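Accompanying notes for the structure given below.
FYI, it's all coordinate maths here, none of it is from the lab. Bear in mind the structure is a predicted one, so any value in this text is a computation, not a measurement. Here the Cβ positions follow ideal geometry from the backbone for every residue, glycine too, while neighbour counts run over all protein chains shown.
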Amino acid sequence: MDVLLVANAAAALVSAGSSVAGVLRPGLALPTGEPVNAGTELYARAYAVRAVPLGLATALLLLAGASHAAAWPMLVVAGLAQVGDSAIGARYRNRGMAFGAGAFAVLHLASAVWIAR
């Protein structure tokens, strides 16, 4: 169980870190050749405002040894956020975002089901 919680915490931190990278380089999520504009920068910042607190809260909750009653709902929320991120990545043909967030979604949601049992 500890390995599962650490893997989920690491995934949450990677997601938060990716959003910070997007603020520093807003064109990361764009297809090659797509220009960065004010809208891109706004989206990157808006995404980070959600992803950083969610990622940190998820990681801290899991690493602090939260009860199963607290861990599984947090993993559901984190997993659903990753489903959305994966859909956005797929929509914009960003394979890293689509598959990375998709893998994290599966990890979080499968872990939530496992923990809830």
Completion exercise
Among (i) 1.16; (ii) 0.96; (iii) 1.01, the entry matching Rg/Rh (Cα atoms, Kirkwood Rh) as calculated here is (iii)
Completion exercise
Expected sort for 28-38, 99-109 on mean C-beta neighbours within 10 Å, highest first, is 99-109, 28-38
Fill in the blank from the handout: Scoring the chain by relative contact order with C-alpha pairs under 8 Å, at least six apart, yields a percentage of 29 percent
Handout entry: the chain: calculated mean residue ellipticity at 222 nm from DSSP helix runs of at least 4, using -39500 (n - 2.57)
Key = -28500 deg cm²/dmol
Handout entry: Length released on extending from GLU34 to ALA64, taking residue separation times 0.36 nm less the Cα-Cα span
Key = 6.7 nm
